[in-house]
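What follows is a single structure, written as structure tokens, with notes after it.
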Amino acid sequence: MTDRKKGTLDRRYVMRTIVAQRGDTLMVTGLGSTTYDAGTVDHPNTFCLWGGMGAAAMTGLGLALAQPERRVLVMTGDGEALMGLGALATIGAQHPRNLAIAIIDNEHYSETGMQATHTQRGVSLGAVAQACGFAQSETIYTEAELEAMVPKLFGAEGPFFGVIKVNTQRYPMSIRVRDGAYLKDRFRENLLGAERAYY
Amino acid sequence: MKHESISRVWPDDIFDALKKADVKQVAYVPDAGHIELIASCTGDPDITAVSLTTEEEGIAMLAGAWLGGDRGALLMQSSGAGNCINMLSVPLHCRMPLLMIVTMRGEWGEFNPWQLPMGQNTERVFQDMGVYVQRANHADEVGQVVYAASQLAFSSNCVVAVLLSQRLLGFKDWSK
């Protein structure tokens, strides 16, 4: 494992860059740092998971199946994705064309003391997604590569899988709204309209 | 192991109840008790049936379905109840409906002792977690119980598990 490339991108820069081009994309973010990052650019079309570690990818699948005409983007961390690895097999088999998953991969469990995740020890989530039958899977390290990937997150045939290697910079937790019932109602009302959201 | 070819009506009754409840996404972990129902859901053009690698995936998927305006159901066996526990935090905390149709193992005439710890505790661990548990013990009540459970889940934004007694699945005599 010599000469492994290190992530140099800043996670909040990555979040801002992606969200700036989201349009009407529906987003799901995973526990924990990715949800905190999303809190700095909050939007009614974003559902932030503050629990259910391992849920992000499958929540995205259910949403993508319910809204086949809309683009769905899941953003989550490497640790969160590793806890629900089977989901990549399920999504590969289901092959939703409108779903993209972006992994903010800092190779650490940020919230629990910066222990190494398996991605630091040679496990490639991008290769897993590829082997699971995703339409496309890329792993990137630089700003230029990020710029090239963003349009694919929103437009390439799905399921698209992007691993974005970031540095280990930690930010203070952005305590934004975190009541799940509120986040769910806000998301549904914005997407479906009040009448259908609460019927 | 050969599957007995007993013809049973209640899987169709469950399917009719799910259709009546406007269920659009069905997540399932393959299970002998749900053979006919899985086939019916897979064959229905208005239902997306998704095979899972583990039950908790289905809970997250149906949370996403609900966010997108679809009603869903999770088909599973009681052996998977334990796999669900932490993931139930999502629908429970977010007050999202979740309908689970659970075939029981580890009770009526069970031949495999490894099924007992989860089967005998399924109802309790679900209830401890805040899931409303409803039982169907007789073939002629299954459809009604499932439909009533769907109303409870979708009208009250709560998590409901219908436990289908192992007695409904028939007794496999492994002593022969």
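The values are calculated or read from the model by the stated rules, or taken from the named source; none is laboratory data. Given the structure is predicted, the values throughout are model-derived calculations rather than measurements. Heads up, the Cβs are rebuilt from the backbone with ideal geometry, glycines too, and the neighbour counts pull from every protein chain shown.
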> Quick one: B:Thr54 ticks every box in (1) facing chain A (nearest Cβ under 8 Å); (2) crowded, with 21+ Cβ neighbours inside 10 Å; (3) of a type in the set (Val, Ile, Thr) bar one, so which box is it?
Replying inline: (2)
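Can you pull out every residue in the range B:25-37 that is crowded, with 20+ Cβ neighbours inside 10 Å, of a type outside the set (Asp, Glu) and out of contact with any Lys or Arg (no Cβ under 8 Å at 6 or more places or on another chain)?
Start the filter on the range B:25-37 by keeping residues that are crowded, with 20+ Cβ neighbours inside 10 Å, which leaves B:25-29, B:31, B:33-34, B:37.
Those still in the list that are of a type outside the set (Asp, Glu) too: B:25-29, B:33-34, B:37.
Of everything in the range B:25-37, those that are crowded, with 20+ Cβ neighbours inside 10 Å, of a type outside the set (Asp, Glu) and out of contact with any Lys or Arg (no Cβ under 8 Å at 6 or more places or on another chain) turn out to be B:Val26, B:Ala27, B:Tyr28, B:Val29, B:Gly33, B:His34, B:Leu37.
Please go through the range A:133-167 and give me each residue that is in a strand (DSSP E or B) and among the basic types (Lys, Arg), ordered by number.
Going through the range A:133-167, the residues in a strand (DSSP E or B) turn out to be A:136-140, A:160-166.
Selection gives A:Lys165 alone.
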>> Among the residues in the range B:63-80, are any facing chain A (nearest Cβ under 7 Å) and closer than 15 Å to A:Met53 by Cα?
In response: yes
> Is one or more of the residues making up the range A:104-120 under 30 Å from B:Arg71 (Cβ atoms) and aromatic (Phe, Trp, Tyr)?
Replying inline: no
> Looking at (1) buried (at least 23 other Cβ atoms within 10 Å of the Cβ); (2) not in a loop (DSSP other than H, G, I, E, B), can you tell me which one B:Gln120 breaks?
Replying inline: (1)
>> Condition first: more than 9 Å from every other protein chain (Cβ to nearest Cβ), in contact with a Ser or Thr (Cβ under 7 Å, 6 or more places away or on another chain) and assigned to a helix (DSSP H, G or I). Now tell me which residues in the range A:28-79 satisfy that.
In response: A:Ser33, A:Thr34, A:Thr35, A:Tyr36, A:Ala38, A:Gly39, A:Asp78, A:Gly79
>> Please go through the range B:67-86 and give me each residue that is surrounded by fewer than 23 Cβ atoms within 10 Å (Cβ to Cβ), of a type in the set (S, T, N, Q) and not in a helix (DSSP H, G or I), ordered by number.
In response: none
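Suppose we filter A:Asn98, A:Asn106 for residues that are away from every other protein chain (no Cβ under 14 Å) and either in contact (Cβ under 8 Å) with a residue 24 or more places away in the chain or touching a Cys at 6+ places or on another chain (Cβ under 6 Å) (or both); which single one remains? Full working, then the answer.
Working: A:Asn98 fails: away from every other protein chain (no Cβ under 14 Å).
Just a single option satisfies the conditions, and that option is A:Asn106.
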>> Tell me the residue from B:Ser40, B:Ser89 that is farther than 21 Å from B:Leu18 by Cα, hydroxyl-bearing (Ser, Thr, Tyr) and buried (at least 18 other Cβ atoms within 10 Å of the Cβ), please.
In response: B:Ser89
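This table checks each residue for (1) out of contact with any Cys (no Cβ under 9 Å at 6 or more places or on another chain); (2) not in a loop (DSSP other than H, G, I, E, B).
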| site | (1), (2) |
| --- | --- |
| B:Pro11 | yes, yes |
| B:Ile14 | yes, yes |
| B:Val26 | no, yes |
| B:Glu36 | yes, yes |
| B:Pro45 | yes, no |
| B:Thr53 | yes, no |
| B:Ile59 | no, yes |
> When B:Leu169 is evaluated against the numbered criteria (1) touching a Phe, Trp or Tyr at 6+ places or on another chain (Cβ under 6 Å); (2) modelled with pLDDT under 95, which criterion, by number, is the only one it fails?
Replying inline: (1)
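From the list A:Thr142, A:Thr117, pick out the single residue that is among the β-branched types (Val, Ile, Thr) and touching a His at 6+ places or on another chain (Cβ under 9 Å). Can you show your working first?
Details: A:Thr142 fails: touching a His at 6+ places or on another chain (Cβ under 9 Å).
That would be A:Thr117, the only listed residue that is among the β-branched types (Val, Ile, Thr) and touching a His at 6+ places or on another chain (Cβ under 9 Å).
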